[in-house]
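Single-structure report; data block below.
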Amino acid sequence: MKEYLLDVWNHSNSRARVVNIVVGVAAALIALYLVYSIFSNLFDFRFITGPYGSPDRSSIFSALEVEASDPRWLGMLKGAGNTISVVVFAIALSSFLGLAVGVARLANNPILTRLGKVYVETFRNLPLLLIMFFFAFGVFRALPQIQSRTGIDGFFYVSNRGLAIPWLEPTHSMWWIWPLVLVAAAVVAVAVRRRKDRQEEETGQSMRGNTWAAGIFLGAAVVSFLALLLPLRLTLPDVAQSESGFFTYAGGNQLGLGYISALVSLTLYFSAFIAEIVRGSIQAVPHGQVEAASSLGFTVYQRFTLIVLPQALRIMIPALNNEYQNANKDSTLAHVIAYGEIVLISNRIVNNAGNLLQTYLFIFLVFIITNLIISTIMNTINRNVQLK
Amino acid sequence: MNRHGRLVSLFAVMAALLVVFVVAACESDDGEDARENTLDVIIERGNLICGVKADTPGFGVLNPDGSAEGNDVDYCRALAAAVFGDASKVEFKEATSANRFELLAAKEIDVLIRTTTWTASRDADLEVAYAPTTFYDGAGIMVHAGSGVGSVNELGGSTICILDGTSTQGAVSDYFAENGLTYSELTLQDNAAIRGAFIGGQCDAWSSDKSQLGGHQFTLKSDDGIDAVVLPETLSKEPLGPSVRDYDSEWEDVVRWVVNGMIIAEEQGVTSANVSAMAANPPNNTVARLLGVGFDGGAPSNLGIGHGKIPGTFMQSVISQVGNYGEAYDATLEAVGLTRAGSLNDSYVNGGLIYSPPMR
């Protein structure tokens, strides 16, 4: 036995294995101890079933409005939903605006290029927090009062309480089936289009892929809308007055100070960065490509949409991924302007229940998960546009 | 060094790390089990660390020059006077509504005196112990005088501005739900923003603790010429007082009895001006016990507060350097327009709630 042990110890391979096992087990024990001590002492999660305590109606979706009676975990989930519902729109709007400004900066029109430059240098060089404050407390406060009924009467109002816009409202509790049908129809339509395009490539005959796809999608949308007994209806906003004379918006949807300021600020700020990414990416496409396209008789529009933009997209996407993730993270600043996103909702819980570590752990998880989703989407797009 | 040597040294390093971890782990376990006696820590440190508000006139203001003022600040000074006989041996730390309980739990502060409402969940769940209430407050609502509203029950359909993260949010929500009224809420992060929103018509009403609304009503009139009225209803109970960590009863007793002592001093007419005369010649047994002196030639009674770690005459230092309950109130809260007479904060003798158990 002793000889065997000495043999194990004297042989370099087996000794290395012994050392590995000992160190590995020791490390695992230490890690387990740390996890145990953290979870047993600090991570008491009983508070999440308690009631949230006060309502928050700054969401744009009535389903995401926090009720006072909601359990705290539901409040936090709705807060995460509010974060997502401002980030998704901010990313979409800032991408369009950024593309427009980035292209404008390369235009042959000197006024357009200068305007683009001023736009980029203004919003890129200001702190996002300052922009938010400016809109929430400067611009918003200067808007007319609600009782002036400023806007298009019966359709759209603007006041220092927010914007009132037409909105869709469910007519029965099974309305959510309709959006699911739309998603399914979109998947089918895309698959059909891809198949038609492939056939077109193989046979050389026009298969009208786009027409088929649009037909399938619109047909399914209309038929299912009727089959589900008109699940949504349009509601128009109005200015109402209570018995004591207080004015409120009734009907439609009210976009409050917090949501509008957060959306506008995030859009302006990130569109400036995206504009620079767009400009840089377009300029990075070799000039020979443009010259070749011109000599083949492409129009300016064709040259841009068929030759330059697809190649610029390859360069753009990794950088855009960064900006989209930053937009997601920076949306947390909106808690200072009364938008009920995840940090604001969580801070109220910390204030009442005091469980800071647990609550903030949830915020970490929300941002790790949402940023990984953004990354996954952008990486998938990246793979699809790269040269194969 | 050959490969074996490297492996052996790696092993040695890992083993050393393991030892360090285990030792550290054991030590931290010991630290958690043996609960620290805060009174001992304060005496050894040589000063008291007190968590207060930094920007609320009347309650807690930390000035840029390092000085501090306010009712909460006065109770910090009273505690320092009780422990050290010197009201200046106190360090003020700003406690925000978000970090106050973390500061207390992390032992960054010895006592939290920051307009903190005594609630069951804080008492039980956060393991915080409350000393007697020093100020009885409650949420109220203020509207423009021109609105013609005379009661909270007429506020259905209104938009109300509330400071975010305060218990006022819950109080308003509960009150309106109980009375079947609807309202919209605009929550902002500081009073300046709310003020602007109230003036600009972004909200119809402004809700906060009544102690705060009085001050805002005053500055709205003086700075902007705007007339506002505080509606008569009180929506919630907000008893404010000092709080300490649970399982720290020696220190908790000191905090509790310094506050009680200041209340008794007022009942008995002991003030900062006459305390030394009263100590030399106490008019009755109650005053003698309060000031830790004998009555009529007898021996001083030993109440056992602080178990001999603080002098039995601690209330003499408190009253001579800070004053009794009424003196502290007049100097700080009365000065910002919070009238005491007839309010909940009047002495029980006058129909208020300020009452102390006997010191005997």
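The values are calculated or read from the model by the stated rules, or taken from the named source; none is laboratory data. Source: prediction; values computed, not measured. Because the Cβ atoms are built from the backbone with ideal geometry, glycine has one as well, and the counts that use them run over all protein chains shown.
Summary table
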read-out: Of all residues in the stretch A:141-167 being loosely packed, with under 13 Cβ neighbours inside 10 Å and not in a loop (DSSP other than H, G, I, E, B), the one that is nearest to the other protein chains (Cβ to nearest Cβ); value: A:Ala142
read-out: Residue match in the stretch A:284-305 (condition: hydroxyl-bearing (Ser, Thr, Tyr) and either buried (at least 16 other Cβ atoms within 10 Å of the Cβ) or outside the structural domain of A:Ile345 (by TED's automatic domain parsing) (or both)); value: no
read-out: Qualifying residue in the stretch A:110-126 (condition: more than 25 Å from the chain's Cα centre (by Cα) and within 14 Å of chain B (Cβ to nearest Cβ)); value: no
read-out: Flag for B:Gly214 being over 24 Å from B:Phe135 (Cβ atoms) and either of a type outside the set (Ser, Thr, Tyr) or surrounded by fewer than 23 Cβ atoms within 10 Å (Cβ to Cβ) (or both); value: no
read-out: Cβ pairs under 6 Å, 6+ apart, first in the stretch A:318-346 and without any contact (Cβ under 8 Å) to a residue 24 or more places away in the chain, second of a type in the set (A, V, I, L, M); value: A:His335/A:Val343; A:His335/A:Leu344
read-out: Any hit, the stretch B:208-223, residues being assigned to a loop (DSSP other than H, G, I, E, B) and on the phi < 0 side of the Ramachandran plot; value: no
read-out: Odd one out for B:Gly157, checked against (1) surrounded by fewer than 23 Cβ atoms within 10 Å (Cβ to Cβ); (2) more than 9 Å from chain A (Cβ to nearest Cβ); (3) on the phi > 0 side of the Ramachandran plot; value: (2)
read-out: Residue selected from the stretch B:74-91 under the condition out of contact with any Ser or Thr (no Cβ under 8 Å at 6 or more places or on another chain) and buried (at least 23 other Cβ atoms within 10 Å of the Cβ), by the criterion farthest from B:Thr116 (Cα to Cα); value: B:Val83
read-out: Entirely in the stretch B:225-272, the strands (runs of 3 or more DSSP E) that have 1 or more residues that are of a type in the set (Val, Ile, Thr), within 28 Å of B:Gly323 (Cα to Cα) and under 18 Å from the mean Cα position of the chain (by Cα); value: B:243-245
read-out: Output for the stretch A:330-388, where each listed residue is modelled with pLDDT under 90, in a helix (DSSP H, G or I) and of a type in the set (Gly, Ala, Ser); value: A:Ala353
read-out: Of all residues in the stretch B:163-193 being among the aliphatic types (A, V, I, L, M) and either under 31 Å from the mean Cα position of the chain (by Cα) or surrounded by 21 or more Cβ atoms within 10 Å (Cβ to Cβ) (or both), the one that is farthest from B:His216 (Cα to Cα); value: B:Ala177
read-out: Wholly enclosed strands (runs of 3 or more DSSP E) of the stretch A:221-270 bearing at least 2 residues under 29 Å from the mean Cα position of the chain (by Cα) and away from chain B (no Cβ under 14 Å); value: A:232-235
read-out: A:Arg46 vs. criteria basic (Lys, Arg) and surrounded by fewer than 15 Cβ atoms within 10 Å (Cβ to Cβ); value: yes
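For (1) more than 9 Å from every other protein chain (Cβ to nearest Cβ); (2) crowded, with 22+ Cβ neighbours inside 10 Å, each residue gets a yes or a no:
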site: B:Val111; (1), (2): yes, yes
site: B:Trp118; (1), (2): yes, no
site: B:Ala131; (1), (2): yes, yes
site: B:Val149; (1), (2): no, no
site: B:Cys161; (1), (2): yes, yes
